[in-house]
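Peer 1: Structure incoming, see below.
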Amino acid sequence: MDHTEQELIQRAKQGEHWAMEEIFRLHLDSAIRLAYLVTRNWATAEDAVQEAFVQAFRSLKGFRDGHPFRPWFTRIVINKAKRTTSRLDRGHLPYELEEENTHASFNPEGSVLERAGLNELFEAINELDDNHRLPLLLKYVAELTEAEIAETLDLPVSTVKSRLYTARQRLKKALTTTEGGGRDDLR
Amino acid sequence: MTLDERIKEALQANSTWSGSPDELWAKVAAQLPPKRQRWRQPFWLGTAAAAVLVLAFVLYAVWNPNPPSPPVVEDAPQLRMFSAVLPAFEPLLVEGGAEIELAVDVSLAADSTERPPHLEIWAEGEERSLTAVMDLDGGALLRTRSLTVQAPEEPGSYRLVVSGAVQEAGQLYQVHGELTIVVQSADQ
């Protein structure tokens, strides 16, 4: 039987572990990606996400009924990821290489080329400072609205809009430089 | 592909987790407070509990008919052997108008047709005649178990009879007392 997110939250508030597990599985993917993109390390990201879920479920009673879960939980994930990173003093380590990248030579030629473009774009994203990178991650990974990003980062919506615009402009510029000319589809 | 799509894909492609959701959930679940055992109350339980209480109350009332603050009663009228209250079988010599203390016995009554408590004063001569009838306070009789009666002024032998039924705290009691007095003339 399918339950809505609000029903799951109500049951989780009553201490039902099965409801917590469903919420966990619904939000795990974006949470772990986000934590990894902030911490740049999978083990640290897993720790951060684990702590975030535990904290979220323990403090569910304070969660306001009827509100979306994702912005509230994303804020916890971001805080845990930042705190875990600073606790481990990882600074700005490079991302761990993913297994997928190491086997790129097995992919068809077209995919390799496309993959290379995505990697360059990813590098360009990582070149952004945190003020511009975090709103970008929240928009494209956590899929939050600008208002939700503003709430998550404690910023005015106008500031979020401005930072997202600037980030996109920088990425567009980086891509046009890499790809040797302007591209019409980079809107 | 638009810039938005490319950003999204670049982030997706470079953040693919190869860990186990089950293992991570196990770690999370291990740190959660144990599930509260919420016993689901059957819908009929409230009604059943109320019915049991009512039944228990009824059975208690049937088998323990004593009122909350019952006067101690005897199964049958008994003679008082001492105190200022005198035995009923011996005539009491009194002066006319003197106050006499008449003992009253209390017992459980089975018949509710009995009239309210009252005092009858019978003159006992050659012919027995009823000289006075007075209604009495049943509650006071139950509490004091005695009645103060003023003796008739007229010399002679009298029979004082207290009888009747008293209803108190849902229970019916029968009161009864008798005393023969002899009112002496002033020159005796």
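Computed from the coordinates by the stated procedures, all read-outs in this text should not be read as laboratory data. Here the structure is a predicted model, which means the values were calculated and not measured. Positions of Cβ are generated from backbone atoms using ideal geometry, with glycine treated the same way; all protein chains shown enter the neighbour counts.
Peer 1: Sorting check: for A:127-135, B:56-64, B:122-130, which peptide has the highest mean count of neighbouring beta carbons within 10 Å, and how do the rest follow?
Peer 2: The most tightly packed comes first, giving A:127-135, B:122-130, B:56-64.
Peer 1: What does the structure give for B:17-29 when I average, per residue, the other chain Cβ atoms found within 10 Å of the residue Cβ?
Peer 2: The per-residue average across the peptide is 6.
Peer 1: Take the Cα gyration tensor of segment B:110-186, multiply each eigenvalue by 5, square-root it, and list the three semi-axes largest first, rounded to whole angstrom.
Peer 2: 27, 13, 8
Peer 1: I'd like the FRET efficiency for A:D2 and B:T2, computed as 1/(1 + (r/R0)^6) with the beta carbon distance as r and R0 of 25 Å, rounded to 0.05.
Peer 2: E(calc), rounded to 0.05, equals 0.15.
Peer 1: Right, here's the next one. What length, rounded to one decimal in nm, is gained on full extension from B:L172 through to B:W44, with 0.36 nm per residue of separation minus their alpha-carbon distance?
Peer 2: 42.2 nm
Peer 1: Among residues other than B:L142 whose Cβ falls under 12 Å from its Cβ, what is the net charge (Lys/Arg +1, Asp/Glu -1)?
Peer 2: Numbers: positive: B:R143, B:R145; negative: B:D105, B:D137, B:E168.
Within the 12 Å Cβ shell, the charges total -1.
Peer 1: B:A61 to B:E154: extension gain in nm, 0.36 nm per residue of separation minus the Cα-Cα distance?
Peer 2: 28.4 nm
Peer 1: What ranking do B:22-30, B:2-10 get when scored by the average of other Cβ atoms within 10 Å per residue, highest first?
Peer 2: Descending packing order for the listed peptides: B:2-10, B:22-30.
Peer 1: Is there a simple number for the mean count of other chain Cβ atoms within 10 Å of the Cβ of residues in A:141-147, and what is it?
Peer 2: 1
Peer 1: When you look at the Cβ of every residue in A:11-18, what mean number of other chain Cβ atoms sits within 10 Å?
Peer 2: Per residue, the average neighbour count from other chains is 3.
Peer 1: Continuing with the same structure: Within segment A:40-78, which trypsin sites (Lys or Arg not before Pro) sit in a loop by DSSP and count at most 16 neighbouring Cβ atoms inside 10 Å?
Peer 2: A:R64
Peer 1: Starting from the Cα of A:K61, step 7 Å toward the Cβ, then list every residue of segment A:3-19 with an amide N under 18 Å from that point.
Peer 2: Only A:9-17 pass the distance filter.
Peer 1: Rounded to two decimals, what is Rg over Rh for segment A:5-88 when you use alpha-carbon atoms and the Kirkwood radius?
Peer 2: 0.98
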